[in-house]
1. So, taking all protein chains as they sit and a 1.4 Å probe, how much accessible area belongs to A:ARG107, in Å² rounded to tens?
2. Can you check what the net charge comes to around A:ARG19, using other residues whose Cβ is under 9 Å from the Cβ of A:ARG19 (Lys, Arg +1; Asp, Glu -1)?
3. Could you compute how much accessible area chains A and B hide from each other, both sides summed, with a 1.4 Å probe? Nearest 100 Å² is fine.
4. Averaged per residue, what accessible area in Å² does region A:174-387 show with a 1.4 Å probe, protein chains only?
5. For a label point 7 Å from the Cα of C:GLN95 along Cα→C-beta, name the residues of region C:127-158 whose backbone N is under 18 Å from it.
6. Can you pull the percent of region A:505-596's accessible area that's carbon plus sulfur, 1.4 Å probe, other chains left in place?
7. Where in region B:42-75 is the amide nitrogen less than 16 Å from a point lying 7 Å along the Cα-to-Cβ axis of B:ALA24?
8. Carbon and sulfur atoms: what percent of the 1.4 Å accessible area of region A:249-320 do they account for?
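The values are calculated or read from the model by the stated rules, or taken from the named source; none is laboratory data. Just so you know, these numbers come straight off a predicted model, no measurement behind them. Here the Cβ positions follow ideal geometry from the backbone for every residue, glycine too, while neighbour counts run over all protein chains shown. SASA here: full protein model, heavy atoms, side chains in, ligands and nucleic acids out. Shrake-Rupley method; radii C 1.70, N 1.55, O 1.52, S 1.80 Å.
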Amino acid sequence: MSAPQHAEITDAVLGRNSRDSTRLLQILRQILEAIGHLPKTVLVQIARELKLPYGRVAGVAGFYHFLGLEAHGHYRVLWSDNIIEQMQGSVELCEEMCRRLWIEPGRVSEDGLVSVGYTSCIGMGDQGPALLVNGRTVTAMTRERVATMVDLIRAKAPVASWPREWFAVTDNIRRRGILLDHGLDAGAALKAAMARGPAAMLAEIVAAKLRGRGGAGFSTGQKWQACRDAAGEAHYVVCNADEGEPGTFKDRVLLTGYADLVFEGMSIAGYCVGAARGLLYLRGEYQYLHEHLEATLAARRSAGLLGKNIGGSGFDFDIEIHLGAGAYVCGEESALIESLEGKRGTPRIRPPFPVTHGYLGHPTTVNNVETLACACLIAIRGGAWYAAIGTEKSAGTKLMSISGDCARPGIYEYPFGVTVAQVLADCGASDTQAVQVSGPSGICVAADEFGRRLAFEDLPSAGAFMVFDDGRDMFEVARNFAHFFAEESCGFCTPCRVGTSLVKNLMDKLNARHGSPHDINELFKLQRLMQSAAHCGLGHTACNPVVDTLNKFRPAYERRLHSMEYEPAFDLDYALSQARQMTGRDDAGAHLENAS
Amino acid sequence: MSFLLDGEEVPFIPGQTIMEAARAAGKYIPHLCWDHEFAPHGSCKLCTVKVDGRFGAACTVAAHEGMNVDNRSAELDDKRRTLLQMLFVEGNHFCPSCEKSGDCKLQATAYELKMMSPHFDHFFPDRPVDASHPELLLDFNRCILCELCVRASRDTDGKNVFALSGRGIKTHLIVNSPSGRLADTDMAATDRAASVCPVGVILRKRRGFKVAIGNRTYDKAPISEQPQ
Amino acid sequence: MKSKVKIATTSLAGCFGCHMSLLDIDLRLLDLVQLVDFDRSPINDIKRVGACDVGLIEGGVCNAENIEILRDYRKHCKILVAVGACAVNGGLPAQRNHLDLRDILEEVYQTSPGLAPGSAIPNDPELPLPLNKVHPIHEIVRVDYFVPGCPPPADALWKFLTDLIAGRTPVLGHGLLHYD
Ligand SMILES: Cc1cc2nc3c(=O)[nH]c(=O)nc-3n(C[C@H](O)[C@H](O)[C@H](O)COP(=O)(O)O)c2cc1C
Ligand code: SF4
Ligand code: SF4
Ligand code: SF4
Ligand code: FES
């Protein structure tokens, strides 16, 4: 493609986005999709047209994993590096693919045809190994699929012409409760809410004791009340569909089969807090859902459920979808808002909180997909009914995304309070060694704790439930998570930017059998620092998996210790490799042994 | 209105942060990304204090009546030393050959906190030097990503010469030109951003060692005894 | 009388500047020798380090021989001290670390102008091979104390050693703690 063509495409994309600088991330995404990479000339054009400094545009492009200024190849393949999929052989499959294509992972082939690399969990843990090819999700990879895919890439066959069944994503709903069996027609819940009136509807949310399903478990009623009470000419509702926590895929299923419920929950939230606009932030990995979601929105508009003067009540509300571009930290609500404004996804200083100073500085309620869907049930059946389900402190039900060593991975809906043991029995897990509840930033639960309950007062969870049987090495699990955090740290604050890399390096050092007890002490020290000094939840929790497994599966670490004395992190003999290569020497003096 | 900082009473005006109140009272809280001229940023975390038992960044936490703030406790200084060591190993800091030595806030803070070694393994990143500008030199090897230059250029100079790009450990400072050269921006040596860098990244050319080592800012007195 | 403290010193990839600074202790050196015995050190010609109380290491680690010596010191010294900027963070030699060693060797021995025709990278087994990267000593062995400075001021070394010998945790105050 030539420079004038690039300019033409860029101009069209800018036009489609009304040359609105808050849409910078959307613009970059759309241009990338159209021309395959982001040439500097295009960034200059964007900066000029949006009246932004060039550095701002380049800074945003450099932040998101799916963007970036370098070329990615005509075909960009990104394997999900979730630990569950690694256990299912994703690394071997990826290596096989690279071998067949004669390329190194992470590098673009010399002819610019293809690159193959990794990306953080893409939300397909129940049907992996999965990958993204040019942003499209392919599930259930096998050696056969790898071989065929390589042939198609070599033949330069357009991705759109690839076998359709590769792109199939199944819901795998295994257990339904009040939410997944809601039985509501589109519009019913909104109608019920409007019949109650905004204040009374909000009172029902409070009475329902609904708590946020995104992980923190903050009271939804309080949040909406605070947002409603906050002064500001415009209020916003943001649906957090970033679902970046590895092992979590329940929002994917809600957005697939329950999109009306989610949008309706947003409308109810808007009605309660006095917002006229809602924004749904869809993680870039779920791009394949975009069309379906837009179609649902269109249908709701024609049904009079979105737009001006809904149901003749004077309530105006519409919803816009923004796509992410590969950044776990953008699930953090203030980073998400930055991203919605077209900026780098850096968490803000809090307070002020989004409920008073959110999107474009206006009062904003940010809620998880599931939280919003639950609001519909409360609109229909009332707060008292809802509060009676679950436990004292955790009302209602919770969707769990179950993956790993079990017979029936998928989505399970349980009233809060269910035990880990019960869930394990239901999903057909046996010889279970540990469960990682709520993903890497959550809690690692060992077998003697399987009587514990999934509820905010015991094991809080954003919905991930990763099962590891006796055959798994819990050190490898923690090492995978350490890599995840180092990859996903936004880099804003010192403790997390540097700390996540130090932790990753220490885990790799232990894994390479260069470790000593000194290194284990270092891990504990870094955990204490990051937990106390990091700027956001990512840094606070980044060491959880390491410390949890150190406390509960210490022998997995001790097996790897090389000596009691401090050892260098690298292989000494390897440190002479370049000099050996250049001098051609191989005598005894050209080698070194690590001490034993 | 007042609060306790290491057991001593510090007055404050509502709306002030702990850092601002401490500065007004002549008390030193270690910091790197904060400067009273600019909006708080909260990224270096050197100013981490304990407020009624909870950790927070003094440059971003508002002062409140009666609160009890630990500042120079052994526990906090220990954490700060580790943060400094992180900043040293993630970049390339060779003080003996750095023009900023003696005037450098990172170094002075490390002296104040008795940082005897970098402790961690060095990352030895490959970072560029930009000598394109006629009057200014950029040595990115020493950047601590405090964004003071970003704020100064944007908020004081109205220019946006600097920005961050990349993510995580690959986060890096860029300048506002597609060529990546400072000479191709509208940066002037008289800009506030030209003199704001607390470390040895943004340097005036040909000034070098004008003031001899030994007579520099932090040779005279430790950073904690100087006006902030 | 207490037995004297036995000290060994060595310079790895260093410039002997730190040793010069040690000698700069001047008159006080006479006091020092009342308190210490020197084992292997560039200031005498003992060839191998024996059991010691304190090992003072100047310089970073840039080749295979540095590693062998450093480990030998670690094995024989109860207390190992990194002395000077190069031992502490690699110093000047480590400024090559962002380059590929192969490119450096090629440039130095094969492509830079003014080399005799047929110049080659020396492959004499007597010469220690350079490491891919230069490392400060704490990246290779456990180090107990650090005395930064390029070189550390004589007063800092004096303060450090007298503290150590007297059994106090060494502390370098303002003016003595320097990285440059
Ligand atoms: C690093 C990080 C990632 C997060 N990712 C998500 C996410 O993907 N989805 C989500 O709903 N909340 C996520 N959160 C929590 C949000 O900050 C926020 O608490 C939540 O969206 C509020 O919605 P709720 O009250 O309905 O739970 C994340 C938090 C952090 C610190
Ligand atoms: S804790 Fe990590 S993710 Fe959060 S702001 Fe700091 S660097 Fe960014
Ligand atoms: S910037 Fe400061 S700490 Fe870094 S090398 Fe220069 S003087 Fe030393
Ligand atoms: S150049 Fe200086 S002022 Fe700018 S971010 Fe880096 S360290 Fe801070
Ligand atoms: S000075 Fe407060 S975080 Fe940097």
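1. Rounded to the nearest 10, that gives 140 Å².
2. Surrounding charge for A:ARG19 is 0.
3. Buried area (both sides, nearest 100 Å²): 3100 Å².
4. On the way: 6900 Å² over 214 residues.
Ligands and nucleic acids excluded, the result is 32 Å² per residue.
5. C:133-136, C:149-152
6. Details: 1890 of 3780 Å².
Carbon plus sulfur share of accessible area: 50 percent.
7. Residues passing the 16 Å test: B:59-67.
8. 53
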